[in-house]
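Report on one structure; see the data block that follows.
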Amino acid sequence: MWAWLHRQGSPKRFYNWSGTLARWAGWGSLLLGVAGLYYALFASPPDYQQGESVRIMYVHVPAAWLSMFIYMNIAAASLVSLVWRIKVADMFAAASAPIGAWFTFLALATGSLWGKPMWGTWWIWDARLTSELILLFLYLGYIGLLAAIEERETAARAAAVLALVGVVNIPIIHYSVEWWSTLHQGATVTKFDKPSIDWTMLRPLLLMAFSATLFYVAVALRLARTELLRRERESQWVRELIDGRQGGGRR
Amino acid sequence: MNTPSLAHAWFALLRRDVMLALRQRGQLANPLLFFVLVVALFPLGMNPDPALLRNIAPGVIWVGALLAAMLALESMFRSDFDDGALEQMLLTPYPLPLLVLAKVAAHWLVTGLPLLLVAPLLALLLNLEGEAMVILLASLALGTPLLSLIGAIGVALTVGLRRGGVLLSLLVLPLYVPVLIFAAGAVGNAQAGMAVTGQLAFLGALLALAVALAPLATAAALRISLD
């Protein structure tokens, strides 16, 4: 089992299976996204309190989920790359970072758009908003470190250490921020309290969440593949691949 | 070969770093002056009403301390990296995390401790009095070593870069958020006459956690940076 997994992590094998996976994930994301948007915008009722604004949630909630899910992915991939020295893992982590940062930004932006009609303000220093903002800074720091070190492998390993430090800190930051906002603000505006979400609303939410996840998989794999080709450009199999693509020009 | 004991090496490294820092007093004074200046700018930038100043004092002093500590961070490994002493440290038979701890401790003694000494002065400038000042000192005593320990990870990651300064702040400041919240919260509570044990206990817990884990991460980061 382990040996099999390890073999799938070798650059050449990874390149082969990730292309297929990225293609399937991309189409899946598109299909689910179209269905999700249809249900979200047309075939679901407006909320009895939030009115039509609730439709923002079908983008906002998946983005917020993904922002955290991707950071966890980066941390897990970083651990794998540091412990087992699997190169593919750190390429995947590096490829995930910009996508995660964009989802975090999207969650903040859509939340802000939703907050204006609902809470009457673009921004409040609520615990969840604040920790999401700090998560964005963690992403930017990670990307900044990756970009600052020229030697790619060193950059990947340094960023991996940073991701692990960040993942240890995330719960601490989250709870400290939660404690802080409850200490200072008393009763904050309650998040949308839903005793049990109705199926007509859960359906687009889940569709959109799966679509976003598949989107992440497809784009991250493609970015990782490009990086892989760049780093391995001197190796035999990449040369063969390129020769094959060029219609065997050198043969 | 006859190697000195670990404790001996540890204290030798600590002494060396403190001595080196003390011989360059100008560098020591800079973060301190920065701290005083930043805090003194706030009353100038707003209405110097004593009640208002008292309200913002915990946050302003702590943000100032955070920035000053960050400014001082750069020097932690810089000169040792430049002259190759850091590489020699990696080659010694002693465990690197412990050596890192010695360097961090020395760094705190020469940059963190002075912040504690000028803090009462700043507290007076911002009308922070009585028990709140005592709590401010306690929070600084627990918090500034934390800043050095967490900061060491960031410095170790960026030490090989020519212009790591701005990047360092981006890496380190988000990680400083819990320290800021608990420390400034403790001082604010003390002003309002509420209990502060919770926040101080949290700071203590974070410090214990950081003493245990941060040197490991710093050592790993140093090995990568010096690869």
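The values are calculated or read from the model by the stated rules, or taken from the named source; none is laboratory data. These numbers come from a predicted model, not from an experiment. Neighbour counts run over all protein chains shown; Cβ positions are idealised from the backbone, glycine included. Heads up: the accessible areas ignore ligands, DNA and RNA and are worked out on the full protein's heavy atoms, side chains in. Shrake-Rupley method; radii C 1.70, N 1.55, O 1.52, S 1.80 Å.
What to note about this one:
- Length-normalised contact order of chain B in % [C-alpha pairs under 8 Å, at least 6 apart]: 26
- Angle in degrees between helix A:57-84 and the longest Cα principal axis of chain A, rounded to the nearest 10: 40
- In plain terms, the chain from residue B:116 to residue B:213 could stretch by 32.5 nm, reckoned as 0.36 nm per residue minus the Cα-Cα distance.
- All Cα pairs of the stretch A:1-136, percent lying beyond 23 Å: 49
- A Förster distance of 25 Å, applied to the separation of the beta-carbon atoms of residue B:161 and residue B:91, puts the FRET efficiency at 0.65.
- The residues B:83, A:243, B:227, sorted by heavy-atom accessible surface at 1.4 Å with ligands and nucleic acids left out, run B:227, B:83, A:243 from largest to smallest.
- Length-normalised contact order for chain A - Cα pairs under 8 Å, 6+ apart - percent: 35
- Across all directions, the shadow cast by the convex hull of chain B built on its C-alpha atoms averages 12.9 square nanometres.
- Estimated dipole of the protein assembly as shown in Debye, rounded to 20 [Cβ of Lys and Arg +1, of Asp and Glu -1, Cα centre]: 1520
- For the protein assembly as shown, the 222 nm mean residue ellipticity estimated from helices alone, with every DSSP H stretch of n ≥ 4 adding -39500 (n - 2.57) and the total spread over all residues, rounds to -27500 deg cm²/dmol.
- Taking the protein heavy atoms of the protein assembly as shown in the context of the full set of protein chains, the accessible area attributed to carbon and sulfur is 67 percent at 1.4 Å.
- Nearest-10 value in Å² for the accessible area of residue A:153, using the 1.4 Å probe: 80
- B versus A: buried accessible surface, summed, Å² (probe 1.4 Å, to nearest 100): 2100
- Distance histogram in 20 Å bins (all Cα pairs of the protein assembly as shown, percent per bin): 21, 47, 28, 4, 0
- Peptide A:158-165 has a mean of 6 when you count, residue by residue, the C-beta atoms of other protein chains within 10 Å of its C-beta.
- For the protein assembly as shown, accessible area per residue (1.4 Å probe, heavy atoms of protein chains only), Å²: 50
- Based on the Stokes-Einstein relation at 25 °C and a viscosity of 0.890 mPa s, and on the Kirkwood radius from alpha carbon pairs, chain A is assigned a translational diffusion coefficient of 122 µm²/s.
- Degrees separating the helix B:197-225 axis from the principal Cα axis of chain B, which is the longest one: 30
- Coarse-grained scattering of the stretch B:1-105 at q = 0.12, 0.15, 0.17, 0.21 Å⁻¹, given as base-10 log I(q)/I(0) from a Debye sum over alpha-carbon atoms: -0.57, -0.74, -0.85, -1.08
- Residue A:79 versus residue B:27: modelled label distance in nm, points set 7 Å from Cα along the beta carbon direction: 3.8
- Heavy-atom accessible area ranking, 1.4 Å probe, most first, across A:230, A:13: A:230, A:13
- Note on the stretch A:1-77: Rg/Rh from C-alpha atoms, Kirkwood Rh, equals 1.17.
- Peptide B:185-193 is shielded by partner chain Cβ atoms: per residue, an average of 1 of them sit within 10 Å of its Cβ.
- The calculated FRET efficiency for the pair residue A:199 and residue B:34, based on their C-beta separation and a Förster distance of 60 Å, comes to about 0.55.
- C-alpha long axis of helix A:11-41 to longest principal axis of chain A, angle in °: 20
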